[in-house]
Structure formats: C-alpha cells, structure tokens
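The values are calculated or read from the model by the stated rules, or taken from the named source; none is laboratory data. Please read these numbers as outputs of a predicted model, since none were measured by experiment. Reconstructed Cβ throughout: ideal geometry from the backbone, glycine too, with neighbour counts over all protein chains shown. Remember, those area values only see protein heavy atoms, side chains included, never the ligands or the DNA or RNA. Shrake-Rupley method; radii C 1.70, N 1.55, O 1.52, S 1.80 Å.
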Amino acid sequence: MGVFPRHADVVIIGGGAIGSSIAYWLKEKTSKEGIRVVVIEKDMTYSKCTTLLSAGGLHQQFSLPENVQLSLYGAEFLRTLKKRFGPGADIQYCPQGHLILADEEGAQRIIDNNFIERELGVINQILTKNQLQQKFPWMNVTDVELACLGLEKHGWFDPWALLSVVRYGAAHLGAQYVEGEVVDFLFRDSEEYIGEGMDDNPYKAVNEVVVKMPDGEHKTMEFAFCVIAAGLQSSELAQLAKIGTGSGMLSVRLPIEKRDRYVFSFDCPESPPGINTPMTVDHSGLYFRRNGLGGSFIAGVSPCDDAELSLDEYFRDKVCPVLQNRVPAFSSIKVKNSWRGSYEHNGFDDSGIIGPHPYYHNLYLATGFSGFGIQQAPAIGRAAAELILDGDFKTIDLTRFGFDRLIVDKPMYETTVV
Ligand SMILES: Cc1cc2nc3c(=O)[nH]c(=O)nc-3n(C[C@H](O)[C@H](O)[C@H](O)COP(=O)(O)OP(=O)(O)OC[C@H]3O[C@@H](n4cnc5c(N)ncnc54)[C@H](O)[C@@H]3O)c2cc1C
C-alpha cells in the first residue's frame, strides 16, 4: 500500500464503484505522474459496500435525459472494457433485453420516457398487450396496459468484477489506495473570502482529512480537492464538513438515505421462461431475470414496511404472489438464496448528486445514484474528473445534478426508480 501520503491533489473518500471510477478517470485524463490521487477506503474487503451487493443491471429506461446518457455511456464503457483494460478484463456481461411493464396508470409515463430515450439514441420498442403476449407467451399480461422493451445496450454483469477492473486500472495508472476511515475534516479561517449567502462568520476553508488507520492511529492528509464518494456514509461525512449543520448555504443537509433492497434467487423446475427472457420490471416495482442459462432466476424488490418479516417469509408472502401472477410457470418456485442490501438513495428527488458543494470550491460530492449507481459509475467518474481538471462538464452536462438544486429547492425527479 506504500507510505501514508501527507498531501494529495485529490483525495477521494470511498473506493467503491463511484470513487474508484473517479480515481481511474483522474489518472486517465492526466499523465501517469500528473496529479496525485489518493483513495481512502475503510474496508479493503468491500464486504459491506453497496457495489458488491448490487444486481449489476444495465438499462437506459429513465425519465431524465441525464440518466439515459449516463447509462448509455455505461454501456459504451463496458463494450470497450477489454480494449481499455486488456483481454483479462472480464465482467461476465450478459446482453439481454430490459422490459418495463406498465398498468393503465403508468402507460403514459412509458410513452413519455420512450420519446426522451429515442431522442438520445436508445433502441427500444413499445409493445401493446397483444404484442407483449405474442413475444413472451409465458407471461400473464391481463393487467398490463403497455410495455417498453429495451433492445440494445441492456443486460447485466458482475459488479465485483467491474469494481476490480476499474480499481486495478486506477492503481495501475498511479492512484494510491489507503486503508483507513475518514473521521473528520480540518478547517482554516479564510477571512479574505466573502461570498453571497454566507453569514457574518469568517469563511472556513476545508483542506485536510483526519484518517483513522486500521491500528487506531489518527493521521492527517492535506488536499487541494476532496470528493465524498462514500455511498451510504456520504451524509455523515458531509456533516463532518458542516454540510447540514452550519448556517446559510451549509444549512441544507446531504439527503442520502439507506433504501433497502432484497434479492432472491430461485429455480423454476418446470417449463421455465426461455433464454430470451428479458430483465422484467413488473409495474409493482418487483423485477426478475434469468440467472444463467438453465431455469435459475433472481428477483429483487425494495421492501415496503413489512420489514419485520424474515427474508424467507417476505419471499413467500410478498414476492411469490407477484411472480406467480406474472409468470404462471413460477407456480412451484422455492427460494434458494437471498440477500439484503441497501443503496444510497437521494431522498430529495431520487437522482444523483455530483459537483462541488456551493460553499466550498474544493469539496465535491458524487453520491446518491440510487438503484443505478453501478451502471452509471463509468460516466460519473469521467464527469467528476472533467469538473476537477477542466472546470466544467465536457461530455455529459450534469449541471442539473449539482447540490445547488437542493438549496434552491428545484428537484430533479427520476420516475423510473425501482
Ligand atoms: C441489492 C442491490 C441491487 C442493486 N442493483 C443495481 C443494478 O442492477 N444496477 C445498478 O446500476 N445499480 C444497482 N444498485 C445500486 C449500486 O450498487 C450503487 O448505486 C453503487 O454501487 C454505489 O456505489 P458507491 O461507490 O457510491 O457506494 P459503495 O459501493 O457503497 O462504496 C462506498 C465506499 O465508501 C467506503 N466508505 C464509507 N465511509 C467511509 C469513510 N468514512 N472513510 C473511508 N471509506 C469510507 C465504504 O467502505 C465503501 O466501500 C443496487 C444496489 C443494491 C443494494
């Protein structure tokens, strides 16, 4: 891991998919010796990070153009992964359609989203109830009004493999990973700085992190820029920088919340839906997809308030009925395996937050990508690197995803969050 660096040009807090992608792009866009990038990660086993628990789904069916573009670039990045990282870069990508079902209430949303998606080059197809039935005879479509089938650049992959590849790529280009937990920020008075919306207190600049090392020792590291990419812990870290506890621009908290998601794997022993089964998102919010080429599947759901139920009970009482309604062949399924994960949900409007905090010119946020952070990580990393190195977005304009929108109360609602 090397000597603990006392200074870095950019310190990234969190080495999951988002943090590692930012590190990769910062180094990719500069020469190997260009800038000193340090990623501080508190758990090098990544055992609890969200990236590891993700289902690795990739799609471009969103209501906001930014999300469509971010995921389109995710697909492009995966397509060219071996070219970028070498022939050993294998993330088990499985190309497959992505099908969103709508009832009467959701049908118009599908049409509206489809318009935006097509404008941006997404290849998908609207299916009426009859067309859906013809295409997927194993599906019960009685309560479906309309569906949208994503045909290209959709599928799923192994999220751990993607993280490993990107992390390796970042380290190979010279980013340094340090094991330790950021437990505080250090500030210095900067009286010459006066900004609009600030109160009478002297401006405090942030330029150092305090890192608790695995042996308990506390060390400090100075930085020119710092990025909070700490997934579920991002709000706590932002609070250490007084975001949400101060006054004026600092009075608005970073609203990253834990949203639970359950994932179940199960077998369908008799007449399972075949190899062309798309990743299917039911209008109830539950999704399922193939898991391999046999009759194995996984299903996922964001649980409602019945969190008292065990995972097995939840599958039996809440998941099975929906699955069996949609696919009659699932009548005798039994859960094989299950896991609980939480993703970093932006409680303000469901969309990611990227860019500098308006109070600090050098403290950036890259978090809150909710249920689609892994597929968007390549584009988020590139966008954060553009902001830091070039001072502006150069490829996808994510200005509307900045923190400022929380201060001026302008939500960017994404309606396709599962
Ligand atoms: C069950 C489930 C299914 C999902 N399915 C999909 C999907 O199909 N498609 C998709 O695109 N997305 C999916 N997601 C969402 C996706 O996994 C996340 O959006 C993404 O992984 C977030 O990456 P991250 O780097 O922000 O967070 P993380 O992966 O959690 O990384 C944050 C890192 O920061 C570290 N850290 C935290 N605090 C500190 C600190 N103080 N000091 C140092 N390090 C710190 C943590 O240890 C962690 O490693 C799913 C999520 C879940 C839970």
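Across the chain, C-alpha contacts under 8 Å between residues 6 or more apart give a mean separation that, scaled by the residue count, equals a relative contact order of 22 percent. Each residue, ARG79 and ALA205, gets one label point 7 Å from its Cα in the Cβ direction; the gap between the two is 4.4 nm. Compute a Gaussian network model of the chain, connecting alpha carbons closer than 10 Å, and tell me which residue from GLU119, GLU386, GLU222 fluctuates the most. Maximum fluctuation in the GNM of the chain, among the listed residues, is at GLU119. Rolling a 1.4 Å probe across the protein heavy atoms gives the chain an accessible surface of 43 Å² per residue.
So if we plug the beta-carbon distance of THR128 and SER310 into 1/(1 + (r/R0)^6) with R0 = 30 Å, what FRET efficiency do we get, rounded to 0.05?
Computed FRET efficiency for THR128 and SER310: 0.15.
With the convex hull drawn around the C-alpha atoms of the stretch 296-353, the volume per residue stands at 121 Å³. Using a Förster radius of 30 Å, what is the FRET efficiency between ARG253 and ARG6 based on their Cβ-Cβ separation? Nearest 0.05, please. Using R0 = 30 Å, I get an efficiency of 0.45.
Just subtract the alpha-carbon distance of SER271 and ALA161 from 0.36 nm times their residue separation and send over the number in nm, one decimal.
36.4 nm
Here the gap between LYS410 and LYS219, fully extended at 0.36 nm per residue and compared with their Cα-Cα distance, gives a gain of 64.9 nm.
For the stretch 203-248, relative contact order (Cα pairs under 8 Å, six or more residues apart, normalised by length) works out to 25 percent. How many nm separate the modelled label positions at ASP43 and ASN362, each set 7 Å beyond the Cα in the direction of the Cβ? In this crude spin-label approximation the distance works out to 3.1 nm. Between helix 17-28 and the chain there is an angle of about 60 degrees, using the helix long axis and the longest principal axis of the Cα atoms.
Between LYS336 and LEU120, how high is the FRET efficiency from 1/(1 + (r/R0)^6) when r is the Cβ-Cβ distance and R₀ = 56 Å? Nearest 0.05. Efficiency for this residue pair is about 0.90. Straight-distance candidates among the aspartates and glutamates for linking to LYS394, with alpha-carbon spacing under 19 Å and chain neighbours fewer than 8 residues away dropped: GLU28, GLU66, GLU76, GLU386. Compared with the direct C-alpha span, the chain from GLU104 to HIS172 gains 19.4 nm at full extension, assuming 0.36 nm per residue.
Counting only residues at least eight positions apart within a chain, or on another chain, the lysines with an alpha carbon under 24 Å from that of LYS204 are LYS212, LYS219, LYS242. Principal-axis analysis of the Cα atoms of the chain puts helix 159-172 at an angle of about 30° to the longest axis. Note on exposure: GLU66, GLU270, GLU105, GLU208 ranked by accessible area (1.4 Å probe, complete protein assembly) read GLU105, GLU270, GLU208, GLU66, with the most exposed listed first. Among the trypsin sites (Lys or Arg not before Pro) in the stretch 48-104, those located in a DSSP loop and surrounded by at most 16 other Cβ atoms within 10 Å of their own Cβ are LYS48.
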